[in-house]
Structures are given as structure tokens and as C-alpha cells.
Amino acid sequence: MENSYIIAIDFGTAYSGYVFNITPSYLEPDPKIKMWGKEIGLDTPKTPTCILFDESEKFVAFGYQATETYNRMGGEDGKKHYFFQNFKMALYSEELRRDMKIKAANGKEMTALKVFTEALKFLKDDALKTISANAAGMVLLASDFIWVLTVPAIWDQSAKQFMREAAMQAGIVEEGSEENLVMALEPEAASIWCKKLPSDGFISEKHNGTPLDQRQGSQYIVVDCGGGTIDITVHEVLHGGALKELHKASGNDLGGQTVDRKFKEFLREIFCDGVWDEYEEKYPSEVQKLMYDFTRLKQVDEDVQFICPFNLGQVAQKKKDLEKFFESVKGASWNEGSIKISKEKMKYFFEESLQGITRNLRIILDKNFKIEYILLVGGLANSQILHQYIIDQFSDTCRILCPFRAQEAIMRGAVEFGRDPSWVASRKSPYTYGVALCEPFDELKHKPEKKFMIGREKWCCDRFITLVRVREDVWWDEIREHILRPVDKYQTRMEMRFYRTERNFPKYVDDLGVEEAGSFDVEMPNISGGRERLVKLEIRFGSTEITATATDMTSGSKGLIKFDFIRTDDPRCVEPSLYYSPDGKTPPE
């Protein structure tokens, strides 16, 4: 990670962007940030996470260019194109598949992996183009960089793997150089950036003057208020400024798009009798522009007003005069071609999201921590309604801090994380992880139905062998070692199923609350040692992704294990083929 060439992509639900550094940190501590929207008179650190494909599913545009192109299309032309927004939330799912499809604005579907891949490919190509223009004649390729891709801390391992596979298909890294792509957890990246800010780097409330990374023992909560998720982590500052996670990542899917959904539901309530539904079906690009404009309106804590879209007015007037739509609705009024929404109604749009944040924070604050600060980051943190609500709810116990340019905190911190992942020195395991192995059958402790025979020997299958326990502290570079032996002396591969649970002491992999999380294979081609062969499994649970290596102790060959956390339509049926030998016992002939 000593490479000073780093590109960090913050791939958000609502907005995305990237920062880069092509000089050592001691020469230029702050990374350079790409600004977007100049072609439409804007200058923003992120661009909408929107992507447009033509009717043949060929990539057309991303970001502001995608929204502008789509908004200029007529109704029929717009319905032919595939326009995607908020599609990142498709990965906030209990079960992901490589062939899963997601729905575009026109109601048609495309393969999710292609949509994500094309979005990441655009960001990669744009980053290399931008850097080339600032690199004084240097020609830099994707392989010259450490790439950092931000993901929510509450995401499943399968979602992280999905993003990694999309990044590889996008050409960000190639097979064999996977270590050049680092996954950074969004609230962690924000924490790394915010902890070094001086007191005047925050809006309204200040901390005590000394940057947090110089205050060993300080404990604080980071709330990443994103477009899709609310992502929360709790950190303690260690000696030297490194961070220790005190509570496993928590949160929900009640981010900014929840507020947007409430706003849209209110418009449907105003424009009743099928008016809004007809408008949404016929003019999807106009609806998209209206929702984009709302992202600015929800930043203020006051009455808001916006011009009624032309085609919405046309559709509505076929039913009745526009003023009449507002007669029975509270919180909105018609004002000479504009729609006015009251401050109270705007706060109502935020209610569900704010209550979700409150629930998560109360759980943390009720524990035996010494929390001094709550840090608000992410795009939704710019909302005055959210900011004031958190102050009202929690300022009696904590100081509420929000950095200037809260939307940039994650990607700026991601560069620091890419340079040195040890900034987050310790994490809490979110689950008890283990594998399914076999052991000699004991009638006093094993279930009868788990018994099977190898020759004349009785064996027990489906035993949950714990690798790490839920809420256990795991250091970022800590390696857990486990020794395995084969059951079959001719066995050339160990097929292993990976399981997880929130329970501390599961016994079997089919116990209540235990679920399959993934699988991996361990190759052991040298069969000369028969059942005496040993395979040493070394697993790292303390990083942002679970990684492992396996060493065949007979041949000395060592290989990287590739976990597969994404389910397939036809999962293999794995026969009992492993033996776990903590005491050195050998399975019978």
C-alpha cells in the first residue's frame, strides 16, 4: 500500500464521485477532487448516480450528462431508453445472484452486473482522463494505481463481492492484481478524514480544539447519512490516531431516498384520481428532473416552492382546475403556477428516516460507552432538518459535529485508508463465522440423525466449527489459523461451506439462526500423504473483506482462497469430505 498513486471512488446511491492523489502525502496531504456539472452551470463534488442505456442496452451516459440527456427526451423516446437511478440499493438484499435484474425507469429490466459494471467503467475512464490532464505528460494506466471503492459498513459480504466483480469487469483491476482494489467502509472512511480536522473544520458546534486523532481514548459515533442507507459505526481513538471499532456496524435503508419517496407519495396524494400515475408513466424524464430538484429543496428548514412541471399541469387540467387539487390537502398550496409545501410537511417527509436514526443511536448510547461526539456525514447530513433534529435529540449527552463539505468526507478519507488500511486497527466481527466439518461421533453429545459411517467408524456431520465469534475484536491484520485433514486419502480438493450466525455457540450448521454465507475450495493435489496430510487455513476477518490462504503442508504449495458469497441457482451438494483435527487425531482407514 506504499503506492502514492491512489484513486478513491465513492459510489453512492444518489451521487458518486472520486478523488485522487499522484504525489506522496507528505508533499500534498489533501487529495484532488473531480468537480462535476460545469456543462450545465454547476460545480459539485459529485454527480448523480444515474446511468442511461439506449434501447439496445448500449451505454449512453452517466451522471449529469445522463440526466440531462434523458430529461430532453420526449415521452416516447424516453420510454425506449433504460434510465437507472438509486440502483445501488439493489445490493441491499438478503440474496444476491450474478444474473439478477433491476428495473429501469421505463419498467424494463437489465442485468444488474452490467449496469454496475458500466457505471464503474465510466468513473474509471473519467478518472484516468482527468489525471492524465493533470499529470504533466505522464501516461498512467489503471494498473498503476491503488483503487479504493467505498461500500456501506452494513453491507453483506455478498454485496462487497458483487462490487468487486463489477470493478474487475470494468477493468479497474485484473485477475492476479486483486490486491490493488481495496474496499473501504463508508463511515470508517469518513471517520479517518474527520478525526484529523481542526475545530473550525466543523459546522456550528465545535470540539475542544485538538483534532480527534490526537485525543487518545476519545469515543465517538459516525452517522453516514447517505442517499440509500444510514450507516453507523462507533470508534475509539488509539495511540497514534488509529481507530478501534467499539460496536459492530449498524444502520438501515432509510436514507435520503426514503425522504424522496415520501415527497413523491405526497404528490400522488395531491394529484389524485390517477393524474400522478398517468404523468409518471408518460413523462418519466420530467419526473426524474422534479426529483432531482427536490434534493436541493430538502436541505432547508423552511417552506419550499417549485414550479409545477408543464406536463403535470397539462395532465391535471384534463380532470379539473389545478387549484382544486389543493383544496382538500394539508401542507401544500397552489401559488400562481408553483407548488408551495409547508415547513411542517417537509419535516414529515423526514420522519421515518429520523426515527430510524434515533433508534440506532439510542441502542448505542444505552451501552456502557463514553461517547463524546456524534459526527454527521454524507449528502443527507447537509439537511438542516436532519441536523437540527439530531441536536435536539442528543445534544444533552453528546456534541453534534458535521464537517464542512460533509458530502466529501467519505471519498477524502478513502484515499487515506487506501494508503494505510491500519488506520482502522480493530473491528468487531458482525457474526459468528464457521465451517461445516466432520468429527468422530459421540453418542453423548451428538444428535443421532447426524451419524454416518466410514467403514466401521461412526462419524458426525454438519458440525459448526467456529472460526471467529460475533462481537469479537479482530485486529485488521490478524490471522486465524486452522488445521484440516482429509477424510478420503485420495481427496484432491476440500470443498468447504462457510456459515454465519448471530449466536455465540452454535453446534450444527442447520441450527436455528445459522445461515450459509458462502463457499470456498482448498486444493490439495499431492495425495502421497493420504489421510496424514495437513492443510493450514489462514483467514483474516479483521479487514473490510474476508480473505484467506491455504497451505498444503505436504507440498508446501500456498494459494489464495477465493470465497464465493453470491448464491447460484444450482448450489452444489457437498458431501462430508473434511476432517477438523485440533488434537492431531487421524481419521480411520
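The values are calculated or read from the model by the stated rules, or taken from the named source; none is laboratory data. Note that this is a predicted model, so its numbers are computed, not measured. Here the Cβ positions follow ideal geometry from the backbone for every residue, glycine too, while neighbour counts run over all protein chains shown. Please note that ligands, DNA and RNA were not included when accessible areas were found on the heavy atoms of the full protein model with its side chains. Shrake-Rupley method; radii C 1.70, N 1.55, O 1.52, S 1.80 Å.
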Exercise. For the chain, which span is the longest to avoid every loop-located (per DSSP) member of chymotrypsin sites (Phe, Trp or Tyr not before Pro) having at most 13 other Cβ atoms inside 10 Å?
Worked result: 27-403
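Short version: what are the Cα gyration tensor semi-axes of the chain, square root of 5 times each eigenvalue, largest first, in whole Å?
In descending order the semi-axes read 46, 28, 25 Å.
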Exercise. Looking at the P(r) of the range 179-248, how many percent of alpha-carbon pairs lie beyond 22 Å?
Worked result: 24 percent
Seminar exercise, completed: Each label sits 7 Å from Cα toward the beta-carbon; between Lys367 and Lys196 the label points are separated, in nm, by 2.7 nm
For this session: Please express the shape of the range 385-425 as an equivalent ellipsoid: the semi-axes are the square roots of 5 times the eigenvalues of the C-alpha gyration tensor, given largest first in whole angstrom.
Result: 28, 14, 6
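Once you have the Kirkwood Rh of the range 124-227 from its Cα pairs, apply Stokes-Einstein at 25 °C and 0.890 mPa s and quote D in µm²/s. Mind showing how you got there, number by number?
Details: Rh = 16.6 Å.
The Stokes-Einstein estimate is 148 µm²/s.
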Exercise. What do you get for Rg/Rh over the range 64-168 if you use C-alpha atoms and the Kirkwood form of Rh?
Worked result: 1.03
For this session: Return the tail of the calculated pair distribution for the range 351-403, meaning the percent of Cα-Cα pairs more than 15 Å apart.
Result: 44 percent
Exercise. Could you give the angle, 0 to 90 degrees to the nearest 10, between helix 409-419's Cα long axis and the longest principal axis of the Cα atoms of the chain?
Worked result: 30 degrees
Exercise. Percent of accessible area on the range 225-265 owned by carbon and sulfur, 1.4 Å probe?
Worked result: 46 percent
Exercise. Where does the chain land at 222 nm, in deg cm²/dmol rounded to the nearest 500, when only DSSP H runs of n ≥ 4 count, each adding -39500 (n - 2.57), divided by all residues?
Worked result: -8000 deg cm²/dmol
For this session: Please report the Cα spread of the range 119-168 along all three principal axes, rounded to whole Å, starting with the longest.
Result: 41, 17, 16
Problem set entry | Spatially proximal aspartates and glutamates relative to Lys458 (Cα-Cα < 13 Å; intrachain offsets below 8 disregarded) | Glu439, Asp442, Glu443, Glu449, Glu589
Problem set entry | Cα-based Rg / Dmax (Å) for the range 1-116 | 17.0, 55
Seminar exercise, completed: Filtered hits (aspartates and glutamates, Cα-Cα < 19 Å from Lys324, offset >= 8 within chain) -> Glu265, Glu269, Asp273, Asp277, Glu278, Glu336
For this session: Note down the Stokes-Einstein diffusion coefficient of the range 264-400 in µm²/s, whole number, using a Kirkwood radius over alpha carbon pairs, 37 °C, and 0.692 mPa s.
Result: 193 µm²/s
Exercise. Which is farthest toward the positive dipole end of the range 309-464 among Met346, Gln384, Leu444, measuring Cα position about the Cα centre, with Cβ charges +1 (Lys, Arg) and -1 (Asp, Glu)?
Worked result: Leu444
Exercise. Projected onto the charge dipole of the chain (+1 at Lys/Arg Cβ, -1 at Asp/Glu Cβ, origin at the Cα centre), which of Met100, Leu484, Leu267 gives the Cα projection farthest towards the positive end?
Worked result: Leu484
Exercise. To the nearest 10 degrees, how steep is helix 256-270 against the longest Cα principal axis of the chain, on a 0 to 90 scale?
Worked result: 40 degrees
Problem set entry | Once the Cα gyration tensor of the range 208-343 is diagonalised, semi-axes √(5λ) in Å | 45, 15, 12
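Translational diffusion coefficient of the range 442-542 at 10 °C, 1.306 mPa s, Stokes-Einstein with Kirkwood Rh over Cα pairs, in µm²/s as a whole number. Spell out each step's value before the answer.
Numbers: Rh = 15.7 Å.
Using the Kirkwood radius from Cα pairs, D works out to 101 µm²/s.
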Exercise. What FRET efficiency comes out for the pair Glu76/Leu534, r = Cβ-Cβ distance, R0 = 56 Å, nearest 0.05?
Worked result: 0.25
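Please work out the FRET efficiency for the pair Ser93 and Lys340, using the Cβ-Cβ distance as r and a Förster radius of 51 Å; give the result to the nearest 0.05.
Efficiency, rounded to the nearest 0.05: 0.85.
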Exercise. So what does log10 I(q)/I(0) come out to for the range 150-280 at q = 0.09, 0.16, 0.18, 0.21 Å⁻¹, using the Debye formula with one equal point on every Cα and no solvent?
Worked result: -0.43, -0.93, -1.03, -1.16
Seminar exercise, completed: Counting only protein heavy atoms with a 1.4 Å probe and every protein chain in place, the carbon and sulfur fraction of the accessible surface of the range 69-165 in whole percent equals 48 percent
Exercise. What is the gain in length, in nm to one decimal, between His239 and Arg261 on full extension, counting 0.36 nm per residue of separation less the C-alpha to C-alpha distance?
Worked result: 3.5 nm
Seminar exercise, completed: Partner lysines whose C-alpha sits under 21 Å from that of Lys244, ignoring same-chain residues fewer than 8 away, are Lys195, Lys196, Lys367, Lys370, Lys428
Problem set entry | Residues Thr397 and Asp488, FRET efficiency given R0 of 41 Å [Cβ-Cβ distance, rounded to 0.05] | 0.10
For this session: Could you check the simple spin-label distance between Gln314 and Lys103, using points 7 Å along Cα→Cβ, in nm with one decimal?
Result: 2.6 nm
Problem set entry | Potential extension, Thr130-Val329 segment - 0.36 nm per residue separation minus Cα distance | 66.7 nm
For this session: Extending each Cα 7 Å along its Cβ direction at Lys445 and Met35, get the distance between those two points in nm, one decimal.
Result: 6.6 nm
For this session: Using only Cα atoms, tell me the angle between helix 284-297 and the longest principal axis of the chain; keep it within 0 to 90° and round to the nearest 10.
Result: 90 degrees
